[in-house]
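Here is the structure we will look at.
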Amino acid sequence: MRSYRFLYGCVAAVTALSLASAGQAFEKTPAATQAKNANQGQNALVPTSKIVGGYIYNAGDEHIATVDDIVMNAQGEVQYLIVGVGGVAGLGQSQVAVPSKAVNCECTTEDGERECRMTMSMTQEKLNQAPKLEQENHAELMDKNWVARNRSHFSIDSPSNEKPAGKLIAYSNVNDVTVQTGNNDETTNGQLDDLVVDTADHKVKFAIIGIGGTLGVGENYVAVPFNALQLTENEDQEYTISTNITAEKLKSAPKVTSPDYSELESEEFRALVDKIKKQ
């Protein structure tokens, strides 16, 4: 279930997606490394569910924060990790918007299970001093001055050629939302269960949709291109998600296996997924 909902407005000068592969920062990857990562899906692809709820550690192997959410723009470029700091046993925590460039992510696979570990070069005390998110719907992220101050705290420079991020979307806002298919038959609609970030081009590349089953039991999971979805905010600041892909095509889309969706490591498989939007 969604933990909370929020849809952010237009934000100028926020960081581009930088969720990097094993041993690299959430920062833009050089072209040579991009090509290498494209052939190493194991390193380049990270399910959002492997990040949300995960711990962030510092250089001293100290747990300094827990990831509560991911914030991206409408194109799927990740801007922030929303993390909880302070408090005791999760109570009394404050929330901080950590620019994605400030975090490293390493993923390893052991005994067929994927694990991702996030680190950042900051002490617990320094992180606790970061600007807090206190306003309703985290309106601070719409404040250009607040964004600049937050960047400065995390020592993140603003590139001179950076474009405004546009509307920002929280992962928690779209997780578990019904996906209305092209023929809009409620009996055949799916549900958005996860997103998969392609760190080679720094975007959420795939959406994982659950179809069939009852109360989540017996569901099949299919992967579709993220840009095949249309996300719309209603007057209650809730999302509706739709796609031109019909229910029949969705049912025949390439199947993936939760929770790692390892099938996406295959270039041929990804090509099949991309093809569904063009059919």
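Over 25 Å apart at the Cα level, from the set Lys101/Lys167; Lys167/Lys249; Lys101/Lys205; Lys101/Lys126, are Lys167/Lys249. Accessible surface computed residue by residue for segment 215-279, with neighbouring protein chains in place and a 1.4 Å probe, gives 58 Å² per residue. With both labels modelled 7 Å from their Cα along Cα-to-Cβ, the Thr178 to Asn227 distance reads 2.9 nm.
Given R0 = 30 Å, the distance between the Cβ atoms of Lys126 and Leu91 translates into a calculated FRET efficiency of 0.85. Computed on protein heavy atoms with a 1.4 Å probe, the accessible areas place Phe269, Phe206 in the order Phe269, Phe206, largest first. Residues Glu62, Glu268, Glu136, Glu235, sorted by accessible area with the largest first, give Glu235, Glu136, Glu268, Glu62 [1.4 Å probe; ligands and nucleic acids excluded]. State whether segment 89-180 is rounded, prolate or oblate according to the following rule on the C-alpha gyration tensor (a ≥ b ≥ c being the square roots of its eigenvalues): a/c under 1.5 gives rounded; otherwise a/b larger than b/c gives prolate, and the remaining case gives oblate. The shape class here is rounded. Residue-wise HN-Hα couplings along segment 56-63, as the Karplus relation 6.51 cos²θ - 1.76 cosθ + 1.60 with θ = phi - 60° gives them from phi, are 10, 10, 9, 5, x, 6, 9, 6 Hz; Gly and Pro carry x. Using heavy atoms of the protein chains and a probe of 1.4 Å, the accessible area assigned to Lys203 is about 70 Å². Report the FRET efficiency, 1/(1 + (r/R0)^6), for Lys277 and Asp61, where r is their Cβ-Cβ distance and R0 is 35 Å, rounded to 0.05. That gives a FRET efficiency of 0.25. Amide H contacts of Val197 (H built 1.01 Å from N, in plane; Pro and chain starts excluded): Val46, Thr48, Lys205 sit under 5 Å, all sequence-distant by 5 or more or on other chains.
The values are calculated or read from the model by the stated rules, or taken from the named source; none is laboratory data. No experiment lies behind these values; they were computed from the predicted model shown. Note that we place each Cβ from the backbone using ideal geometry, even for glycine, and neighbour counts take in every protein chain shown. The area values use the complete protein model at the heavy-atom level, side chains included, leaving out ligands, DNA and RNA. Shrake-Rupley method; radii C 1.70, N 1.55, O 1.52, S 1.80 Å.
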